[in-house]
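These notes are about the structure you will find just below.
None of the figures in this text is laboratory data; all of them are computed from the coordinates on show. Small disclaimer: the values here were computed from a predicted structure and weren't measured. Using ideal geometry, Cβ is built from the backbone for each residue, glycine included, and neighbour counts are taken over all protein chains shown.
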């Protein structure tokens with residue numbers, strides 16, 4: 001599958017993954033929840049295959065960018081009406 005399509009599909013999963021990790025790991029600290037979310041999304045885009053096929057040239061920077069994306073989603077969710085309902 002085209003890597004861009006696969007990546008964008010995985011990015012669309014991030015809000016659900018963030019909510020799911022919050023529900024599953026609510027008692028843990030934010031860094032542990034973020035690590036779990038990054039691992040889930042990396043698995044969803046088959047990162048190991050993408051690195052092997054050279055679709056990801058620098059897996060460290062890719063993971064760092066994914067981590068920053070998750071931080072942004074968390075910030076948006078915390079600033080939204082959704083956060084006020086909990």
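Across the alpha-carbon set of the range 3-85, the Rg to Rh ratio works out to 1.00, Rh being the Kirkwood radius. For helix 59-79, what angle does its Cα long axis make with the longest principal axis of the chain, in degrees from 0 to 90 and rounded to 10? It is inclined by approximately 20 degrees. Between 42, 64, 31, the residue with the greatest mean-square fluctuation in the GNM of the chain (Cα pairs under 10 Å linked by springs) is 31. Rounded to the nearest 10 degrees, the angle from helix 30-44 to the longest Cα principal axis of the chain is 40 degrees.
Ranked by the mean number of other Cβ atoms within 10 Å per residue, highest first, peptides 9-18, 72-81 order as 9-18, 72-81.
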